[in-house]
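Just below is one structure, and these are the notes that go with it.
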Amino acid sequence: MNPLTVPVVDASHASPHFEAIGGEPAVTRLVDAFYRQMDTRPDARIIRAMHGPDLAPVKTVLVRYLCEWLGGPKRYSEERGHPRLRMRHAAFPIGTAERDAWLACMRAALDETGTDAALRDKLMLAFFKIADWMRNNGS
Ligand code: HEM
């Protein structure tokens, strides 16, 4: 099944991951840390260059996407429709190096924001599945 359409939790029930991570303020801190990592890590240069100079707009979108994915408010799909993330990333050449750079930024952001280790590991596994599925150039 498409990993993007499967929320980490069943959003029709309580949202333990969204609440466990600390709700929207914590997701916003995580996304800020993620793009700060992307902006500064030498191993993320290739993926940073795929983004525009101003990261503020994509930060807002990623916060909304992750809130929804974690079982919180569904603002992403209300505003942008079905995620279709593979299609939305089709313009960017993504291979294993790009996948691993994205994951390294996210792992560092989860550590920097003090996310509980068990939750961090669970999220990293889920992010790996999505990022790996996003590969589109055979490398
Ligand atoms: C695998 C390596 C990845 C690369 C190289 C990458 C790169 C990008 C780029 C260049 C953009 C466009 C930014 C802009 O509009 O300026 C983008 C958008 C986005 N990315 Fe990624 N990404 C990756 C993985 C992921 C993963 C794993 C997720 C989710 C967990 C994700 C979620 C998003 C979202 C939600 C957007 C905004 C989509 C929209 O316009 O609605 N990305 N990404």
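I want to confirm something. Restricting to the stretch 110-121 and keeping residues that are hydrophobic (A, V, I, L, M, F, W, C) and surrounded by 13 or more Cβ atoms within 10 Å (Cβ to Cβ), which single residue is farthest from Ala33 (Cα to Cα)? Lay out the reasoning, then the answer.
As a first pass, look at the stretch 110-121 and keep what is hydrophobic (A, V, I, L, M, F, W, C): 110, 117-119.
Restricting the remaining residues to those that are surrounded by 13 or more Cβ atoms within 10 Å (Cβ to Cβ) gives 110, 119.
Values: Leu110: 8, Leu119: 17 Å.
The extreme case among them is Leu119.
Out of everything in the stretch 122-139 that is among the charged types (D, E, K, R) and in contact (Cβ under 8 Å) with a residue 40 or more places away in the chain, what residue ends up being surrounded by the most Cβ atoms within 10 Å (Cβ to Cβ)? Please lay out each step first, then the result.
Of the stretch 122-139, the ones among the charged types (D, E, K, R) are 122, 129, 132, 135.
Next, from what is left, pick out any that are in contact (Cβ under 8 Å) with a residue 40 or more places away in the chain: 122, 129, 135.
Working: Lys122: 14, Lys129: 13, Arg135: 16.
For the stretch 122-139, the residue satisfying everything is Arg135.
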task: Would you mention how many residues in the stretch 47-62 are under 21 Å from Gly95 (Cβ atoms) and outside any helix (DSSP H, G or I)?
output: 3
- request: For Glu68, work out the one condition from (1) buried (at least 16 other Cβ atoms within 10 Å of the Cβ); (2) more than 13 Å from the chain's Cα centre (by Cα) it doesn't fulfil.
  value: (2)
task: Could you check Leu119 against (1) more than 14 Å from the chain's Cα centre (by Cα); (2) in contact (Cβ under 8 Å) with a residue 12 or more places away in the chain; (3) within 9 Å of the ligand (Cβ to nearest atom); (4) not in a loop (DSSP other than H, G, I, E, B) and say which number it fails?
output: (3)
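Would you mind stating whether Val31 is out of contact with any Cys (no Cβ under 9 Å at 6 or more places or on another chain), more than 9 Å from the ligand (Cβ to nearest atom) and among the aliphatic types (A, V, I, L, M)?
Details: out of contact with any Cys (no Cβ under 9 Å at 6 or more places or on another chain): yes; more than 9 Å from the ligand (Cβ to nearest atom): yes; among the aliphatic types (A, V, I, L, M): yes.
Yes.
Tell me yes or no: at least one residue of the stretch 128-139 is of a type in the set (Ser, Thr, Tyr), more than 9 Å from the ligand (Cβ to nearest atom) and modelled with pLDDT under 95. Before the answer, list the steps.
Step one: filter the stretch 128-139 for residues of a type in the set (Ser, Thr, Tyr), giving 139.
In the following step, the residues that additionally are more than 9 Å from the ligand (Cβ to nearest atom) were identified as 139.
Next, from what is left, pick out any that are modelled with pLDDT under 95: 139.
Yes, because at least one residue in the stretch 128-139 is of a type in the set (Ser, Thr, Tyr), more than 9 Å from the ligand (Cβ to nearest atom) and modelled with pLDDT under 95.
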- prompt: Does any residue in the stretch 44-62 that is within 6 Å of the ligand (Cβ to nearest atom) come within less than 7 Å, Cβ to Cβ, of a residue that is among the hydrophobic types (A, V, I, L, M, F, W, C) and in a helix (DSSP H, G or I) six or more places away or on a different chain, and which pairs are these?
  reply: Ile47/Met38; Ile47/Ala101; Ile47/Trp102; His51/Val58; Leu62/Val31
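Kindly check whether there is at least one residue in the stretch 100-113 that is more than 9 Å from the ligand (Cβ to nearest atom), closer than 20 Å to Gly22 by Cβ, at pLDDT 95 or above and outside any helix (DSSP H, G or I). Give the derivation first.
Here is the first cut: in the stretch 100-113, the residues more than 9 Å from the ligand (Cβ to nearest atom) are 104-105, 107-113.
Filter again for closer than 20 Å to Gly22 by Cβ, leaving 105, 107-113.
Cutting the leftovers down to at pLDDT 95 or above gives us 105, 107-113.
Add one more test, that the residue is outside any helix (DSSP H, G or I), and what stays is 113.
Checked the stretch 100-113: at least one residue is more than 9 Å from the ligand (Cβ to nearest atom), closer than 20 Å to Gly22 by Cβ, at pLDDT 95 or above and outside any helix (DSSP H, G or I).
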query: Taking only pairs six or more apart or across chains, which ones have beta-carbon atoms under 9 Å, a first residue in the stretch 69-83 that is under 11 Å from Val27 (Cβ atoms) and in contact (Cβ under 8 Å) with a residue 24 or more places away in the chain, and a second residue that is within 8 Å of the ligand (Cβ to nearest atom) and assigned to a loop (DSSP other than H, G, I, E, B)?
result: Trp69/Pro83
task: Please state which of the following conditions Asn137 fails to meet, knowing it meets all the rest: (1) touching a Gly at 6+ places or on another chain (Cβ under 6 Å); (2) at positive phi.
output: (2)
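The values are calculated or read from the model by the stated rules, or taken from the named source; none is laboratory data. It should be emphasised that the depicted structure is a prediction, and the values quoted were computed from it without experimental measurement. Quick reminder, even Gly has a Cβ in these numbers, built from the backbone with ideal geometry, and neighbours come from all protein chains shown.
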